[in-house]
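Q: One structure is given below, represented as C-alpha cells, and several questions about it will come after.
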Amino acid sequence: MKRTHTCGELREQDIGQEAVLFGWVDGYRDKGGCIFVDLRDRDGVTQLVFDLQVNEGPLKVARTLRLEWVIGVRGRVRDRGTMRNPRMPTGAIEILVDDITVFNQAETPPFVVQDDVKASEELRLQFRYLDLRRPTLQKVLRTRHRTNQVVRNYFDGQGFLELETPFMVKYTPGGARNFVVPSRIQPGKFYALAESPQLYKQLFMVAGMDRYFQIVKCFRDEDLRLDRQPEFTQIDMEMSFVTQDDIFRVIEGLIFRIWKEVLDVDLLEAYPSGRFPQMPFYESMARFGNDKPDLRFGLEHTDLTGLVIDHRGGGIPLLQSLADKFTSGRYRQDLPQEIVKAMRIPAEHKLSRKEVDRLEDFVKGMGAQGMARAKVAPEGGWTQSPFAKVVTPAFRDAVNAATGASPGDLLLFQIGKEPVVQTVMANLRLHLGKKFGLIPEFGSGGQWRFLWVVAPPLFEWDEENQVWAAAHHAFTRPYDEDVPLLETDPGMVRCYRYDLVLNGVELGGGSVRLHDSKVQAAVFKAMGLRDDDAREKFGFLLDALKYGAPPHGGIALGMDRLCMLVSGRESLRDVIPFPKTQRGSCLMTDAPTPIDPALLEDVRIVTTV
RNA sequence: GGGGUUGUAGUUCAGAUCGGUAAGAACGCCGGCCUGUCACGUCGGAGGUCGCGGGUUCAAGUCCCGUCAACCCCGCCA
C-alpha cells in the first residue's frame, strides 16, 4: 500500500475515488454490524467505516483495533449522505474500507490523546511524544515552523546574511550564569555555553558582514519561570551604519510580516503608520511599575513621592518619616531610595473589604510590608483607611487630584523601597486587570499592543559590590547629551537601548553599540573598571573595535515568547517541543543525571555531593 | 536562597468544619450485546502502599514533623 492522501484533505469532491490512508486510531465506535474508526494524522481526522455486509474480513480486524494503533487502509471515498458531521472538516465523507493493515499495536496510553486533555502537565511531559500528537500542539509546532520560514525569508530579502556562531565560548563573568563544559584536552579549563551570540555578532560587523541574523539557541543557568527556559531560541540580528530608528523599522517590518503571514492579521489597521509607539523607560516605570507595560488596560500608577515631600508626610506618620529622609529637596544618598505609589480603582470595580484583605496578602507575598487603602467619600474624604483620621485635608485633596480619584473610588498605596514598590505595584496591576476581566487570564484577547521602551539608564547601582554596573552590557552607546554625566552622575546617563514589548511581554531587546573608544573609556571608568580589568573581560572585542569598527546596533527577539503569543498559549513549555520543568529536569529522559565516573575522571572533575 | 499551591484507581477528581461506618465517581481498560456512530449506547468486570518517611492516637487519606516531585511567584535572569 502506498499512501495517497492525508487524513485531513478528503472532501465532497473526492467521493468515488479510491484512497489509501495511514495514521493512528483516534477513536472507534463498534455498532456490532458496522464499526466506525477515526483515523488521525498530523493533517486531520477521517472516518473509516467497516460494514459486515460489504467487507466482513476488514471488519473482523477493525474489531481488534485500540486507541493509538498505527494502521493503513485502502478503500473508497463515500458520501456520508444525511449523516454528515459538520464539526469535522472531512465530515462530508468517509472511507469504506476494503483492506486494512495493522502496522503497530500500541499499549494503552497513560492518557487519552485528545485536544480536551485532562492529564496533568507532569504526565504529559513524561510522555511528550504522545502529548505532541494532540492537534493543538501539532498546530503550535506548525505555527513555529511557519514563523521560522517568514523570519528567514524576510531577513534574506532585506540583505541579511544568516551566519552561525559558536555555542562553546569563553566564559566571561557577569550577566547571566553560564552552563559550563569541561575541556578534556585541557584539564581544569572550561568552555561556557553561550548566553547569546552578542559578542560574535559585533565581531561580524567589524568583519564587514554589514547585516547578520540567526535563529539561535541560547543557554542561561538561571531559575526558571513560566516564560523562561534554560535553553531557548532567539531571533538575533545586527546591522552596521544604522541608527536606533533604522533597527526599529526593520523589526517593525518583520513583525508586520509575521502577523500577516502566520496569523493573517494586518497590523496596519492598528498601526496605520507602520510604526510602533515608543515610551521612555522612566515613564513606563512611573505609570506601570516595570519596563514591559501591558497597554491593553488602565489601572495606571501615580507616583506620590513628590507630594509626600511637599506636604511633609501630610500628617501620616509613616509618610512623615519618609519625607524626613529628604534634605533640602534631595534624597539622602546614604539611604536606599524609598517611594510612594498609588493605584486608583474606579468605583465600577467593586472590591469587598475581604477581597482587599486578600490583595494585601497577595502583595505581602512579594515583599510588601502592607497595603494601605482609602475609599473616597462623596465629599472627597477618606474612609476605611488607616490614614483617615490623621491625613491633612490639603494632602488628601492633592492625592485625590493627582490620582484623579472621585467619590466611590478606592485608592491602594505602596510605600517602601523603590524596587519592591515597583514590583508589587506592577504585579498588583496585572492581577487586578485579570480579576476585573480587563484582560484575559492569558492570550491576547485579539488585542496586539506593541511598544518600544526606550532611553533606559546605562547603569544600575550594584548594591552588593557598591559600583555602577552596566544595565545591559558595557558596549551600549549613551545619549550624546548625557556623556558629560558619566563623570558627575552616572545613574542619570540614558542610552540607546530598547525593548520591544507586546501585551506586557518583553519580546526582545537590543542596543546601539558604542564604537567611540573615548566614550568607551569613560564608560569603563564610570564602572570603576581599570584598563586591564576591561582587557581581561572583553579583550578580544576591545582589540577588534580598535581596527575599524563601523557604527552598529542590533536586537534579539525571543522566538519562544513570540510563538507563545502568536499561538495564544500561556506557557513557553507549550511552544517548545521538548521543554524542561521549573527545576530544569526533562521528565521524559530524566536529565540531568549523574554520569559515568570514568567520564568525570577524563575531564578531571570531582563532585562533592 | 525565600514564600505559596498541589500530590487518593491508568487518568481527572470527590472524600467537608468533627480522626472511626468511606476506598467512591467519571473517563479509560477488560468481556458481552448492538448496522449509522461521531463525547455512540447498553449490560457486566477488573483495578488503590491515599507521593515517600517518621510521629501523635485504641484508631490517620484526614492531625503534627520531615522529605521528594510538579506548578506559581520573589530574589536571580533581558
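Q: If you scan the range A:165-190, which residues turn out to be in contact with a strand residue (DSSP E or B) (Cβ under 6 Å, 6 or more places away or on another chain), assigned to a loop (DSSP other than H, G, I, E, B) and more than 16 Å from A:Pro230 (Cβ to Cβ)?
A: Across the range A:165-190, the qualifying residue is only A:Tyr171.
Q: Might you let me know whether the range A:588-605 holds any residue that is in contact (Cβ under 8 Å) with a residue 24 or more places away in the chain and within 26 Å of A:His472 (Cβ to Cβ)?
A: So far as the range A:588-605 goes, no, none of its residues is in contact (Cβ under 8 Å) with a residue 24 or more places away in the chain and within 26 Å of A:His472 (Cβ to Cβ).
Q: Here is a follow-up. Which of the residues belonging to the range A:541-562 are in contact with a Lys or Arg (Cβ under 7 Å, 6 or more places away or on another chain) and touching a residue at least 40 places away in the same chain (Cβ under 8 Å)?
A: A:His552, A:Gly553, A:Gly554
Q: Filter the range A:476-485 down to residues that are part of a strand (DSSP E or B) and either over 30 Å from A:Leu254 (Cα atoms) or within 10 Å of RNA strand B (Cβ to nearest atom) (or both), then give me how many there are.
A: Qualifying residue count, the range A:476-485: 1.
Q: Which residues, counting only those in the range A:23-36, are within 12 Å of RNA strand B (Cβ to nearest atom) and out of contact with any helix residue (DSSP H, G or I) (no Cβ under 6 Å at 6 or more places or on another chain)?
A: A:Val25, A:Asp26, A:Gly27, A:Tyr28, A:Arg29, A:Asp30, A:Lys31, A:Gly32, A:Gly33, A:Cys34, A:Phe36 - these are the residues of the range A:23-36 that are within 12 Å of RNA strand B (Cβ to nearest atom) and out of contact with any helix residue (DSSP H, G or I) (no Cβ under 6 Å at 6 or more places or on another chain).
Q: Are any of the residues in the range A:563-586 over 23 Å from A:Arg144 (Cα atoms), within 15 Å of RNA strand B (Cβ to nearest atom) and touching a residue at least 40 places away in the same chain (Cβ under 8 Å)?
A: Yes: the range A:563-586 contains one or more residues that are over 23 Å from A:Arg144 (Cα atoms), within 15 Å of RNA strand B (Cβ to nearest atom) and touching a residue at least 40 places away in the same chain (Cβ under 8 Å).
Q: With A:Gln202, A:Gln138, A:Gln214, A:Gln198 as the choices, which residue is touching a residue at least 60 places away in the same chain (Cβ under 8 Å), within 16 Å of RNA strand B (Cβ to nearest atom), surrounded by 15 or more Cβ atoms within 10 Å (Cβ to Cβ) and within 24 Å of the chain's Cα centre (by Cα)?
A: When all the criteria are applied, what remains is A:Gln198.
Q: Further, regarding this structure: Check whether at least one residue in the range A:240-263 is surrounded by fewer than 19 Cβ atoms within 10 Å (Cβ to Cβ), at pLDDT 95 or above, within 14 Å of RNA strand B (Cβ to nearest atom) and more than 20 Å from A:Asn148 (Cα to Cα), and report yes or no.
A: Within the range A:240-263, none of the residues are surrounded by fewer than 19 Cβ atoms within 10 Å (Cβ to Cβ), at pLDDT 95 or above, within 14 Å of RNA strand B (Cβ to nearest atom) and more than 20 Å from A:Asn148 (Cα to Cα).
Q: When you scan the range A:64-87, do you find a residue that is in a strand (DSSP E or B), within 9 Å of RNA strand B (Cβ to nearest atom) and under 26 Å from A:Leu137 (Cβ atoms), even just one?
A: no
Q: Of the residues A:Gly298, A:Gly306, A:Gly315, which is at positive phi, surrounded by fewer than 18 Cβ atoms within 10 Å (Cβ to Cβ) and away from RNA strand B (no atom under 16 Å from the Cβ)?
A: The unique qualifying residue is A:Gly315.
Q: Picking from A:Val512, A:Val467, A:Val523, A:Val505, which residue would you name as being within 16 Å of RNA strand B (Cβ to nearest atom), touching a residue at least 24 places away in the same chain (Cβ under 8 Å) and closer than 30 Å to A:Ile345 by Cα?
A: A:Val505
Q: Any residue at all in the range A:486-494 that is under 30 Å from A:Leu430 (Cβ atoms), within 15 Å of RNA strand B (Cβ to nearest atom), in contact with a Phe, Trp or Tyr (Cβ under 8 Å, 6 or more places away or on another chain) and of a type outside the set (Val, Ile, Thr)?
A: yes
Q: Provide a single number: the residues in the range A:459-475 that are aliphatic (A, V, I, L, M) and outside any strand (DSSP E or B).
A: 2
Q: OK, next. Please find, within the range A:375-400, the residue that is surrounded by the most Cβ atoms within 10 Å (Cβ to Cβ) out of those that are assigned to a strand (DSSP E or B) and touching a helix residue (DSSP H, G or I) at 6+ places or on another chain (Cβ under 8 Å).
A: Once the filter is applied, the top-ranked residue is A:Val376.
Q: Looking only at the range A:332-374, which residues are within 30 Å of A:Trp461 (Cα to Cα), assigned to a loop (DSSP other than H, G, I, E, B) and small (Gly, Ala, Ser)?
A: Within the range A:332-374, A:Gly365, A:Gly367, A:Ala368, A:Gly370 qualify.
Q: Can you pull out every residue in the range A:537-556 that is charged (D, E, K, R) and more than 30 Å from the chain's Cα centre (by Cα)?
A: Listed by number, the residues that qualify are A:Asp543, A:Lys546.
Q: If you don't mind, there's one more thing I want to ask. Select, from A:Gly504, A:Gly548, the only residue that is surrounded by 20 or more Cβ atoms within 10 Å (Cβ to Cβ) and on the phi > 0 side of the Ramachandran plot.
A: A:Gly504
Q: Please indicate, with yes or no, whether at least one residue in the range A:117-125 is more than 9 Å from RNA strand B (Cβ to nearest atom) and either closer than 30 Å to A:Met588 by Cβ or within 41 Å of the chain's Cα centre (by Cα) (or both).
A: no
Q: While we're looking at this one, here's another question. Filter the range A:41-62 for residues that are under 15 Å from A:Asn104 (Cα atoms) and surrounded by fewer than 22 Cβ atoms within 10 Å (Cβ to Cβ) and give the result.
A: Matches in the range A:41-62: A:Asp41, A:Val61.
Q: Related question: Run down A:Val112, A:Val97 and say which single residue is surrounded by 15 or more Cβ atoms within 10 Å (Cβ to Cβ), within 12 Å of RNA strand B (Cβ to nearest atom) and part of a strand (DSSP E or B).
A: Being surrounded by 15 or more Cβ atoms within 10 Å (Cβ to Cβ), within 12 Å of RNA strand B (Cβ to nearest atom) and part of a strand (DSSP E or B) holds for just one of A:Val112, A:Val97, which is A:Val97.
The values are calculated or read from the model by the stated rules, or taken from the named source; none is laboratory data. Remember, it's a predicted structure, so these values are computed and weren't measured experimentally. Quick reminder, even Gly has a Cβ in these numbers, built from the backbone with ideal geometry, and neighbours come from all protein chains shown.
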